[in-house]
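Taking it in order: structure first as structure tokens, then the write-up.
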Amino acid sequence: MSISENIFQLKSKLPKDITLVAVSKTKPNRDILEAYNTGHRVFGENKIQEMTQKWEELPKDIQWHMIGHVQRNKVKYMAEYVHLIHGVDSLKLLKEIEKQAKKHNRIIDCLLQIHIAKEDTKFGLDENELNSLLTSNEYLSMTNVKIVGLMGMATFTNNKEQVRKEFSYLKEIFETQKSRLPGLEILSMGMSGDYEIAIEEGSTMVRIGSNIFGERNYK
């Protein structure tokens with residue numbers, strides 16, 4: 001099936017209140033434009049340089065989501081245009097986003113990444129670190145970043161019950177924090193292999209690449 005057919009089929013299966021982030025990393029502009037021409041506007045990239053190049057070349061009404069691990073020294077390159085940063089996993093990174101957002105007179109929306117997987121290779125805050133960050137004077141004095149939700153990646157495994165348990169745990173944390181932070185609206189969890197379980201467990205945003213664009217072209 002074509003990219004546009006994949007998008008239409010996927011959207012027909014997703015509940016209406018779920019935001020679909022089409023993960024376009026490593027994909028050429030023509031593929032993104034094919035998805036764009038179906039009316040889709042939300043795209044996710046994991047490398048800031050690649051995303052910036054695409055932002056410069058593609059229509060300006062695209063919402064670019066940074067979904068990869070963010071290096072602090074690269075934040076300045078996307079601060080002018082990024083719509084949502086998914087993987088904020090430290091106060092240091094948040095401070096850099098605040099600093100760069102100020103330069104562009106913007107408020108940048110962010111998701112805090114929570115470590116829910118069994119794999120140590122995945123990034124993210126634990127519950128104690130999350131609480132410390134959200135109650136810190138440094139965070140509370142920030143004016144140019146807005147925490148709008150949480151994000152997490154489940155263990156890469158065929159064990160669906162484990163994946164479900166991890167998503168369920170993140171949903172619990174989300175609900176706890178939501179009662180303290182009314183602006184918390186987004187729960188980003190679920191990718192091509194596990195998005196159906198994620199939605200059942202309360203996800204409001206899914207990141208899907210290969211189900212739309214086919215397998216990635218890693219160089």
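Quick look at the numbers
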{"quantity": "Order by protection proxy (mean Cβ within 10 Å, highest first), peptides 110-119, 42-51", "calculated": "110-119, 42-51"}
{"quantity": "Mean-position separation - Cα centroids, the stretch 100-140 and the stretch 1-36, in angstrom", "calculated": "28"}
{"quantity": "Shape category assigned to the stretch 14-92 from the gyration tensor of Cα positions, a/c cut at 1.5", "calculated": "oblate"}
{"quantity": "Restraint check, Lys16/Lys102; Lys60/Lys99; Lys60/Lys92; Lys25/Lys102; Lys47/Lys178, Cα-Cα greater than 32 Å", "calculated": "Lys16/Lys102"}
{"quantity": "Accessible area of the stretch 137-219 belonging to carbon and sulfur atoms, whole % at 1.4 Å probe", "calculated": "49"}
{"quantity": "Computed helical MRE - 222 nm, the chain, DSSP H runs ≥ 4 contributing -39500 (n - 2.57), nearest 500", "calculated": "-11500 deg cm²/dmol"}
{"quantity": "Computed over the stretch 3-208: relative contact order in percent, which uses C-alpha pairs under 8 Å that are six or more apart", "calculated": "17"}
{"quantity": "Accessible surface, the stretch 97-219, averaged per residue in Å² (probe 1.4 Å)", "calculated": "53"}
{"quantity": "Under Karplus coefficients 6.51, -1.76 and 1.60, residue-wise ³J(HN,Hα) of the stretch 178-192 in Hz, glycine/proline x", "calculated": "4, 5, 8, 10, x, x, 7, 10, 9, 10, 9, 7, x, 10, 3"}
{"quantity": "Accessible area (Å², per residue) of the stretch 16-78, counting only protein heavy atoms and a probe of 1.4 Å", "calculated": "48"}
{"quantity": "Total charge dipole magnitude, the chain, about the Cα centre, Cβ charges on Lys, Arg, Asp, Glu only, Debye to nearest 20", "calculated": "600"}
{"quantity": "Three-way shape label, the stretch 48-176, alpha-carbon gyration tensor, a/c 1.5", "calculated": "oblate"}
{"quantity": "Gain in span if fully extended, Thr157 to Thr19, counting 0.36 nm per residue against the direct Cα distance", "calculated": "47.3 nm"}
{"quantity": "Whole-number D in µm² s⁻¹ for the chain, Kirkwood Cα-pair radius fed into Stokes-Einstein, 10 °C, 1.306 mPa s", "calculated": "90"}
{"quantity": "Vicinal HN-Hα couplings computed from phi for the stretch 148-165 (Karplus, 6.51 cos²θ - 1.76 cosθ + 1.60; Hz; Gly/Pro x)", "calculated": "10, x, 10, 9, x, 10, 6, 4, 7, 8, 7, 7, 5, 5, 5, 4, 4, 4"}
{"quantity": "Computed label-point distance, nm, for sites Ser12 and Lys118 using a 7 Å Cα→Cβ extension", "calculated": "3.7"}
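The values are calculated or read from the model by the stated rules, or taken from the named source; none is laboratory data. Only a predicted model underlies this, so the values are computations on that prediction, with no experimental measurement involved. Don't worry about glycine lacking a Cβ; one is built from the backbone with ideal geometry, like all the others, and counts go over all protein chains shown. Surface accessibility is based on the protein's heavy atoms, side chains included, excluding ligands, DNA and RNA. Shrake-Rupley method; radii C 1.70, N 1.55, O 1.52, S 1.80 Å.
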